[in-house]
Amino acid sequence: MPDIRPTVGSGVLVLNATYEPLCVVSVRRAAILVLSAKAVCVADGEGFLHSVRHELPVPSVVRLTRYVRVPYRATVGLSRRAIFARDGWRCAYCTGPAETIDHVFPRSRGGRHAWENVVAACARCNHSKGDKTPAELGWRLRTKPAAPKGVAWRVLGHRAPDPRWASWLDLPAEEAAEAA
């Protein structure tokens with residue numbers, strides 16, 4: 001068994017046989033896929049994995065040798081961490097560091113818990129806003145909240161992409177570098 005220790009950026013992007021991004025797995029799982037010939041390494045990471053008889057470059061991106069049909073959800077799951085990532089960990093009202101989430105139209109007044117009604121907020125703005133709408137206070141949102149879109153959100157969720165994955169996730173290289 002190879003000696004597999006967590007490395008920097010220990011996630012590995014898994015591509016389908018058609019080079020479509022599927023998911024992110026651990027370096028250990030990716031090495032097992034490559035050693036069992038279920039996947040081939042498309043891009044190497046940093047370092048090597050060693051066993052008694054083999055030396056394998058740490059994979060960064062692997063491609064499955066057989067096509068896997070995966071039913072995708074139409075929407076990205078709503079979670080606290082995903083809301084913070086979507087809003088850049090900044091308050092939607094004052095652009096300070098976000099600590100809580102806030103319902104733009106309060107739930108106590110019929111607001112839904114949906115991407116279009118939830119934003120990241122600092123504790124001060126959230127407390128000041130209370131059970132009111134931003135319009136009632138004369139506040140404005142920096143951007144209109146919406147559900148995140150794209151391959152990167154479906155595959156990565158709230159995780160920051162490795163810059164080496166930019167070409168497979170349709171991300172500009174500088175955007176991926178900033179996230180890492």
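Would you say Leu35 is of a type in the set (A, V, I, L, M), surrounded by fewer than 18 Cβ atoms within 10 Å (Cβ to Cβ) and touching a residue at least 12 places away in the same chain (Cβ under 8 Å)?
On the way: of a type in the set (A, V, I, L, M): yes; surrounded by fewer than 18 Cβ atoms within 10 Å (Cβ to Cβ): yes; touching a residue at least 12 places away in the same chain (Cβ under 8 Å): yes.
Spelling it out, Leu35 is indeed of a type in the set (A, V, I, L, M), surrounded by fewer than 18 Cβ atoms within 10 Å (Cβ to Cβ) and touching a residue at least 12 places away in the same chain (Cβ under 8 Å).
Just one of the numbered conditions (1) open to solvent by 50 Å² or more (accessible area, probe 1.4 Å); (2) modelled with pLDDT of 90 or more is not true of Val52; which one?
For Val52, the failing item is (2).
Looking at the structure I just gave you, is Pro97 closer than 30 Å to Cys41 by Cβ, open to solvent by 30 Å² or more (accessible area, probe 1.4 Å) and either in contact (Cβ under 8 Å) with a residue 60 or more places away in the chain or under 20 Å from the mean Cα position of the chain (by Cα) (or both)?
For Pro97, the condition - closer than 30 Å to Cys41 by Cβ, open to solvent by 30 Å² or more (accessible area, probe 1.4 Å) and either in contact (Cβ under 8 Å) with a residue 60 or more places away in the chain or under 20 Å from the mean Cα position of the chain (by Cα) (or both) - is not met.
Among the residues of segment 55-76 satisfying the criterion of being closer than 28 Å to Trp115 by Cα and surrounded by 12 or more Cβ atoms within 10 Å (Cβ to Cβ), which is nearest to the chain's Cα centre (by Cα)?
My answer is Val76.
Within segment 35-63, restricting attention to residues that are of a type in the set (Val, Ile, Thr) and out of contact with any Leu (no Cβ under 8 Å at 6 or more places or on another chain), which residue is nearest to Pro21 (Cα to Cα)?
It comes out as Val40.
Restricting to segment 1-32, count the residues that are at pLDDT 85 or above and surrounded by fewer than 13 Cβ atoms within 10 Å (Cβ to Cβ).
Number satisfying all stated conditions: 2.
In this structure, does Ala114 turn out to be closer than 28 Å to Leu22 by Cβ and touching a helix residue (DSSP H, G or I) at 6+ places or on another chain (Cβ under 9 Å)?
No, not satisfied.
What residue, among those in segment 115-143 that are in a loop (DSSP other than H, G, I, E, B) and under 17 Å from Gly88 (Cα atoms), is most open to solvent (accessible area, probe 1.4 Å)?
As a first pass, look at segment 115-143 and keep what is in a loop (DSSP other than H, G, I, E, B): 122, 130-133, 138-143.
Filter once more, keeping what is under 17 Å from Gly88 (Cα atoms): 122, 141-143.
Working: Cys122: 15, Leu141: 48, Arg142: 121, Thr143: 97 Å².
Among them, the one singled out is Arg142.
Among the residues that make up segment 106-120, is at least one of them more than 22 Å from the chain's Cα centre (by Cα) and touching a residue at least 40 places away in the same chain (Cβ under 8 Å)? So that I can check it myself, show each step before the final result.
Keep residues of segment 106-120 that are more than 22 Å from the chain's Cα centre (by Cα), which gives 106-112.
If we keep only those that are touching a residue at least 40 places away in the same chain (Cβ under 8 Å) too, we end up with none.
The answer is no; no qualifying residue exists.
Take the residues in segment 80-94 that are part of a helix (DSSP H, G or I) and among the basic types (Lys, Arg), then tell me which one is most open to solvent (accessible area, probe 1.4 Å).
Out of the qualifying residues, it is Arg81.
The values are calculated or read from the model by the stated rules, or taken from the named source; none is laboratory data. Source: prediction; values computed, not measured. So basically every Cβ, Gly included, is an ideal-geometry build from the backbone, and we count neighbours across all protein chains shown. Heads up: the accessible areas ignore ligands, DNA and RNA and are worked out on the full protein's heavy atoms, side chains in. Shrake-Rupley method; radii C 1.70, N 1.55, O 1.52, S 1.80 Å.
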